1. List pairs: first in the range 120-138 and farther than 22 Å from Pro24 by Cα and open to solvent by less than 50 Å² (accessible area, probe 1.4 Å), second outside any helix (DSSP H, G or I) and aromatic (Phe, Trp, Tyr), Cβ under 9 Å, 6+ apart or cross-chain?
2. Take the residues in the range 258-274 that are in contact with a helix residue (DSSP H, G or I) (Cβ under 7 Å, 6 or more places away or on another chain) and open to solvent by 10 Å² or more (accessible area, probe 1.4 Å); name whichever of them is nearest to Ile247 (Cα to Cα).
3. Restricting to the range 36-82, count the residues that are assigned to a loop (DSSP other than H, G, I, E, B) and of a type outside the set (A, V, I, L, M).
4. Can you find, within the range 358-401, the residue that is surrounded by the most Cβ atoms within 10 Å (Cβ to Cβ) among those that are β-branched (Val, Ile, Thr), within 25 Å of Phe301 (Cβ to Cβ) and out of contact with any helix residue (DSSP H, G or I) (no Cβ under 7 Å at 6 or more places or on another chain)?
5. Only one of these conditions is not met by Phe93: (1) of a type in the set (A, V, I, L, M, F, W, C); (2) modelled with pLDDT of 90 or more; (3) open to solvent by less than 40 Å² (accessible area, probe 1.4 Å). Which number is it?
6. Show the residue pairs meeting these rules: Cβ distance below 8 Å; 6+ apart or different chains; first residue within the range 338-366 and within 11 Å of Thr324 (Cα to Cα); second residue open to solvent by 20 Å² or more (accessible area, probe 1.4 Å) and of a type in the set (D, E, K, R).
7. Here are some residues: Ser336, Ser343, Ser353. Which one is farther than 25 Å from Met284 by Cβ, modelled with pLDDT under 95 and touching a helix residue (DSSP H, G or I) at 6+ places or on another chain (Cβ under 9 Å)?
8. Quick test for you: out of Thr308, Thr327, pick the one residue that is open to solvent by 80 Å² or more (accessible area, probe 1.4 Å), touching a residue at least 24 places away in the same chain (Cβ under 8 Å) and in contact with a helix residue (DSSP H, G or I) (Cβ under 7 Å, 6 or more places away or on another chain).
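The values are calculated or read from the model by the stated rules, or taken from the named source; none is laboratory data. This is a predicted model, so every value here is computed, not measured. Positions of Cβ are backbone-derived with ideal geometry, glycine not excepted, and every protein chain shown enters the neighbour counts. Ligands, DNA and RNA are stripped out before the accessible areas are found, and what is left, the full protein with its side chains, is counted by its heavy atoms. Shrake-Rupley method; radii C 1.70, N 1.55, O 1.52, S 1.80 Å.
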Amino acid sequence: MAAQAEIEDPLYNLRLSIKDESVPILSKSADPTPADTVTDLAAATHISFNVNDAHRTFSLTSPTRFAPDNKPIDLRSCYFAWLKKDVSVTDYFAAVQALNEDLPSGAGGSVQNLTFAQKIELIAWLNGETESSDSIAAIDSAALSAAVGDAAAIAGGKGVPMDKDMKRTGAGKMVDARLLQIYDGERKMGDHNSVLRGTKNVDFSSCRKIAATFLRNRPNPSAPAPLPSSTLVANLQKAPRKRLEPIILLSPSASSLLRMGNIKQFLDDGVFTPTDAAATSTNMVRVQRVMPSISTSPITFILVDSTTSFKPTYWSRVVAIFTTGQTWQFKTYKYSNPAELFSHYPGVYVGWSNEEPPESVLSLGRGVLPVKVDKWTGTEKGRWRDREVVERIWGRIEEGMRRGGWTKDGPGLAGQQPGR
């Protein structure tokens, strides 16, 4: 049975609730009622644990026994670290920042950002992987010391030790002599911090000169002074910006000359070949193209013929829409009205060279570029005009992206490419 000091310890109660898979209750009162409970950690001031048929409430600002570098961490920071145990270092750092922004308008205070090593050490103890930690102080309790001594004596086969077997330490505490003997035989295990740092601080400034060689830093008298180490760490912790890939929508119509089965060969190689719509199994194709006015490196384009899985933010990435002039294609689009749609996005119609575009395409206006390819003769030979058509299409797409403020990382502030 746990000693009374353990029962009254907030960190121990958090560990018990995790072991029993009992979700703690957040509240805005030390004596909570159902009306006081909240789900937002930023609004809570207390946390209640229901373990071993007992209900205990603690303030979230209570200091805990988890004290890396001899600085106790409050209960809110420990609980939040457990909630974010499965997220990456970058996501955890961002979550701490977001919570600290919400706390002033909620319960007040702040949470501490634990280092990777500190977080791993705390979580290992909370979920029971380890029974002790150099950063978690033992509970200072005579009852707990006696219980530990009893357990050691019983394990040694000599029963519970009597008072005569107890010795007084320099701090005035009573410790079992057999327990001290056991401690003397233990080998001190270093943690992550002690192994790296040793018994004194080590100056690693000489390593910066070596690192400068690998980071391609070149001496430049006119260059600004190097960043302070704190600024450098902050920059390294920033999440890299995800490069957004532009999207091209194809017509889902069976009468369209370009479908998912032949669009890649057409845009990549500049050769048109017919495709069997029934034999097309893929619903997404990627092609790469260098846009000299936007980026010197190839840009990856995503081609789809359906907006079923579209999120609202995807429309800022659409750079072209292939159409056959059938208006039912636009019913699920951001703009179902063709005139409005092609004032925001460039349109492309591909037809046969010996046929005029249908009236339904001409009525769409100047926002749609009509192009023509030669009739299929059963062979790819002699289709040199296809390359010219492809270059016109890419030129129209690049022009729209440039006007929309596209860069190598994604769309500009406007988020939409004009169609004319």
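1. Ser133/Phe66; Ser135/Phe66
2. Arg259
3. Going residue by residue through the range 36-82, those that are assigned to a loop (DSSP other than H, G, I, E, B) are 39-45, 52-53, 60-62, 64-65, 67, 71-73.
Subset that is of a type outside the set (A, V, I, L, M): 39-40, 45, 52-53, 61-62, 64-65, 71-72.
Of the residues in the range 36-82, 11 are assigned to a loop (DSSP other than H, G, I, E, B) and of a type outside the set (A, V, I, L, M).
4. Here is the first cut: in the range 358-401, the residues β-branched (Val, Ile, Thr) are 361, 368, 371, 373, 377, 379, 389-390, 393, 397.
Still in the list and also within 25 Å of Phe301 (Cβ to Cβ): 361, 368, 371, 373, 389-390, 393, 397.
Narrowing further to those that are out of contact with any helix residue (DSSP H, G or I) (no Cβ under 7 Å at 6 or more places or on another chain): 361, 389, 393, 397.
Numbers: Val361: 18, Val389: 20, Ile393: 20, Ile397: 22.
Step by step, filter the range 358-401, then rank; the result is Ile397.
5. Condition not satisfied by Phe93: (3).
6. Sorted first by the residue in the range 338-366, then by its partner, the pairs are Val348/Arg396; Val350/Lys372; Gly351/Lys372.
7. Matching residue, one of Ser336, Ser343, Ser353: Ser353.
8. Thr327
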